[in-house]
Amino acid sequence: MDKTNLGWINGFIGVAIFAGSLPATRVAVMGFSPEFLTTARAAIAGIIGLLCLLLLRQTKPNFAQFKSLMIVACGVVIGFPLFTALALQTVSSAHAIVFVGLLPLSTAIFAVLRGNEKPALQFWLFALLGSAIVIGFMFYENRNLSFSLGDLYMLASIIVCGLGYAEGGKLSRELGGWQVICWALVVSLPLMLIGSFYYLPQSFENIHWSETLGLIYVSLFSMLIGFIFWYKGLALGGIASVGQIQLVQPFIGLILSAFLLGEHVSLAMVLVCFAVVLCVAMAKKFA
């Protein structure tokens, strides 16, 4: 199979896994503090990542790679989980999904700044159009949205996540996809372990099973497994190009809601999803 197409397949799998991150975080913060959720999910994933690196005897990163890993850790291990957890204390996951429409654009911008990629002008036009369609649709579906502190947290999360995606995608070309996220988790593991114990809830009696499942999901899937596919996809298919797949993430969430929760999927959702997929296809063509 063509390397670029394989990259898009891996990227899509990663996005499908990430689609459950915000709903799972929303559930988890109902029982856990944002600080504990952020540190605990990274600590759990970090321990697993460390075991994988040791068992498979991976070579240690050099100094330049270590600096890149610090950027990845600050972006996707600490920054994005913390800012989204803080935001989801006061806004719904549906509200937060509005901002996910900006993530592909953020990733593409950092792909130019950090990954030295140079997409064609047509790529930027379709990237902007796709982002505008997603954001416009989400605002249409949630007409009562108002700007709040939670929105500022979400904007901050999009910026640091785009940086972490681009830096990790660039580094994956040298270290490999799963190695990048595992090393980034290991780099931040000491701090995350300390934070987990510091913010540990005084009692788990009032923690419901759904909140625990939310923590497990964001620890194993959002923090580790999803990134294995995502970084491999970015490395193979191009950061800016594959990053556009994130435009379909909100709609994957809608599909999951329809099948798992019985929620209604309108004709407008289907039409907008089709338009977004077309923008992604055209962005891929011109990337």
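Summary table below
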read-out: Exposure ranking of CYS279, CYS52, CYS74 by accessible area [1.4 Å probe, largest first]; value: CYS74, CYS52, CYS279
read-out: Extension gain from LEU155 to VAL112, taking 0.36 nm per residue of separation minus the Cα-Cα distance; value: 13.5 nm
read-out: Carbon and sulfur %, accessible surface of the chain computed with the full protein complex present, 1.4 Å; value: 70
read-out: Over 20 Å between alpha carbons, listed pairs LYS67/LYS284; LYS118/LYS170; LYS60/LYS118; value: LYS67/LYS284; LYS60/LYS118
read-out: Mean Cβ neighbour count within 10 Å, used as a protection proxy, ranking 193-204, 156-167 highest first; value: 156-167, 193-204
read-out: Mean Kyte hydropathy of -0.5 or more with a Cα span along the axis of at least 27 Å, helices from DSSP in the chain; value: 34-55, 121-141, 149-175, 177-198, 267-286
read-out: At R0 = 22 Å, FRET efficiency that the Cβ-Cβ distance of GLU205 and SER92 yields, to 0.05; value: 0.25
read-out: Lys, Arg +1 and Asp, Glu -1 on Cβ, resulting dipole of the stretch 149-248 about Cα centre, debye, nearest 20; value: 360
read-out: Gained length - PHE197 relative to LEU128, 0.36 nm times residue gap less alpha-carbon distance; value: 20.6 nm
read-out: Peptide ranges 186-192, 41-47 listed from the most packed, as the mean C-beta count within 10 angstrom indicates; value: 41-47, 186-192
read-out: Gain in span if fully extended, SER33 to MET70, counting 0.36 nm per residue against the direct Cα distance; value: 10.9 nm
read-out: Solvent-accessible area per residue for the chain (1.4 angstrom probe, square angstrom); value: 47
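The values are calculated or read from the model by the stated rules, or taken from the named source; none is laboratory data. Treat the numbers as computed from the prediction; the structure is a model and nothing was measured. Heads up, the Cβs are rebuilt from the backbone with ideal geometry, glycines too, and the neighbour counts pull from every protein chain shown. Remember, those area values only see protein heavy atoms, side chains included, never the ligands or the DNA or RNA. Shrake-Rupley method; radii C 1.70, N 1.55, O 1.52, S 1.80 Å.
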